[in-house]
Every structure is written in C-alpha cells, then in structure tokens.
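Asker: Below is one structure. I have some questions about it.
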Amino acid sequence: MTVFSRAFIPTANRRLNELIGFLVLVFATLLVLALVSYSPLDPSLNTAATPPAAGEAIVKQIKGAKLVALDAAHISNIEQPQLYTETVVNFLRG
C-alpha cells in the first residue's frame, strides 16, 4: 500500500483523519490555483537567485497560473496591503 492510498483510509484517531482530509484539500487546491507575484522594485529581483524570467517559467508550467507585478520593494502584503489583497481576491474570484 502506498503512502498516497493510505491517506484515504480512515484511522482510529478522529483528529488525524480531519488533519489528513484538510491536507488533501489544501494540496488539491494548490494543484489548481497558482498566483505568482513579483515586484520590479525588489532589489533582489535582478540577481541570479531570482531572475525575472523565473516567475514566467513557473507560470508556463502551471495551467491557469497568473503572473502579476506588485509595486512593493520586497514584502508586498505588508508594504501594499490593499493592492495585495485586491490582487489575491480578484485572482480567487477568477
């Protein structure tokens, strides 16, 4: 029996079953939704660690993924909370 198939067999522990169900739901959602964001103001953007093409490569590999640029230096959800929230909500609404 594989680890994957064992995830769908209930255990005697109710809380463990709930946790496994939640994790399966989260992983399934991640397979469907992908929002990749970057900021042209981020000083690390143009380094070898995070080239601008990296986001584009990720988006090309995930069907339905979307790439957005946010005007923030590095931590967009802190620096531009309203813009960040609007972007995520609009993405989730489709």
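Residue-wise test of (1) in a helix (DSSP H, G or I); (2) modelled with pLDDT of 80 or more; (3) assigned by TED's automatic domain parsing to the domain that holds THR11.
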site: ALA49; (1), (2), (3): no, no, no
site: LYS63; (1), (2), (3): no, yes, no
site: GLN82; (1), (2), (3): yes, yes, no
site: THR87; (1), (2), (3): yes, yes, no
site: ASN90; (1), (2), (3): yes, yes, no
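Asker: Could you tell me which of the residues PHE4, PHE22, PHE27 is at pLDDT 80 or above and in a helix (DSSP H, G or I)?
Answerer: PHE22
The values are calculated or read from the model by the stated rules, or taken from the named source; none is laboratory data. Bear in mind the structure is a predicted one, so any value in this text is a computation, not a measurement.
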